[in-house]
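Let me begin by presenting the structure, written as structure tokens, before commenting on it.
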Amino acid sequence: EHRREAQAAADDPALEVEVGGRLEREPRQVGRRGPVDQRGAAEQGMQFVADLCEFWFARGYLSEGLAQADAFLMLPSTTPRSAARGRALSTAGWLAHWLGDQERAAAYCTDARDILSEKNDLAGLAFALLAHVTVARRLGNDRDAMMDWEQSQALSRESGDTRTLSRSLHNLGSLAYA
């Protein structure tokens with residue numbers, strides 16, 4: 001069913017876009033970019049995975065999201081240590097955590113933390129550290145969790161990422177009342 005819908009959307013020469021509360025159709029820009037750069041497409045796919053983290057969580061599409069994340073992360077054309085890969089690994093870590101697979105989540109979060117630190121992606125690193133904290137706490141490693149929590153908050157402030165900062169402060173408050 002999903003494949004038919006996806007194929008129908010791909011065959012449609014127009015794209016529906018919400019503008020001012022109403023749907024409008026825009027013509028697709030087909031064939032303007034030249035040959036597809038597989039590495040660039042894989043990187044865009046991983047950024048897309050990272051951008052969908054909250055969508056998958058809010059809608060409860062955790063297994064589907066993790067399957068999509070894994071599919072992009074396993075593509076041979078991906079750059080092994082890009083910021084997009086680090087952010088996709090963060091998303092995979094969160095999804096694995098929400099699905100209850102803490103060991104898998106820890107592996108994703110550790111890789112995300114290492115890559116995003118190397119790339120100096122402050123906002124991405126703050127989000128990855130928050131995921132790492134959450135998983136570390138579930139695994140009983142509260143000491144490492146507190147250090148990462150503090151670093152996540154500092155990076156969130158430095159990068160201006162108020163969403164991750166508010167999540168981090170909320171989780172820290174929850175810990176205080178637990």
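The values are calculated or read from the model by the stated rules, or taken from the named source; none is laboratory data. Small disclaimer: the values here were computed from a predicted structure and weren't measured. Please note: Cβ atoms are built from the backbone with ideal geometry, for glycine as well, and neighbour counts cover all protein chains shown. To get the accessible areas, we keep the full protein, side chains included, count just its heavy atoms, and leave off ligands, DNA and RNA. Shrake-Rupley method; radii C 1.70, N 1.55, O 1.52, S 1.80 Å.
Table: residues versus (1) within 16 Å of Gly86 (Cβ to Cβ); (2) surrounded by 17 or more Cβ atoms within 10 Å (Cβ to Cβ).
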residue	(1), (2)
Ala131	yes, yes
Thr134	no, yes
Asn141	no, no
Ala145	no, yes
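Within the set of pairs 6 or more residues apart or between chains, which connect a residue that is touching a residue at least 24 places away in the same chain (Cβ under 8 Å) inside the range 144-170 to a residue that is of a type in the set (Phe, Trp, Tyr) with Cβ atoms less than 7 Å apart?
Thr164/Phe127; Ser168/Trp149
Counting only residues that are of a type in the set (Val, Ile, Thr), give me the helices (runs of 4 or more DSSP H) lying completely in the range 63-176 with at least 2 of them. First the steps, then the outcome.
Values: elements: 83-98, 102-118, 122-138, 142-159.
In the range 63-176, the matching helices (runs of 4 or more DSSP H) lie at 102-118, 122-138.
Say whether the condition of being small (Gly, Ala, Ser) and either open to solvent by 30 Å² or more (accessible area, probe 1.4 Å) or in contact with a strand residue (DSSP E or B) (Cβ under 7 Å, 6 or more places away or on another chain) (or both) is met by at least one residue in the range 80-87.
From the range 80-87, those small (Gly, Ala, Ser) are 82-84, 86; that's our starting set.
Next, only the ones that are either open to solvent by 30 Å² or more (accessible area, probe 1.4 Å) or in contact with a strand residue (DSSP E or B) (Cβ under 7 Å, 6 or more places away or on another chain) (or both) stay: 83.
There is at least one residue in the range 80-87 that is small (Gly, Ala, Ser) and either open to solvent by 30 Å² or more (accessible area, probe 1.4 Å) or in contact with a strand residue (DSSP E or B) (Cβ under 7 Å, 6 or more places away or on another chain) (or both).
Please state which one of Asp101, Asp142, Asp111, Asp148 is acidic (Asp, Glu) and closer than 24 Å to Gln44 by Cβ.
Values: Asp101 fails: closer than 24 Å to Gln44 by Cβ; Asp142 fails: closer than 24 Å to Gln44 by Cβ; Asp148 fails: closer than 24 Å to Gln44 by Cβ.
Matching residue, one of Asp101, Asp142, Asp111, Asp148: Asp111.
So that you can scan it fast, the table gives a plain yes or no per residue for (1) farther than 20 Å from Gly65 by Cα; (2) within 15 Å of the chain's Cα centre (by Cα):
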residue: Gly100; (1), (2): no, no
residue: Tyr108; (1), (2): no, yes
residue: Leu116; (1), (2): yes, yes
residue: Ala145; (1), (2): yes, no
residue: Arg157; (1), (2): yes, no
residue: His170; (1), (2): yes, no
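Can you name every residue in the range 111-126 that is polar (S, T, N, Q) and surrounded by fewer than 17 Cβ atoms within 10 Å (Cβ to Cβ)? Reasoning before the result, please.
Of the residues in the range 111-126, the ones polar (S, T, N, Q) are 117, 120.
Residue satisfying the conditions is Asn120 alone.
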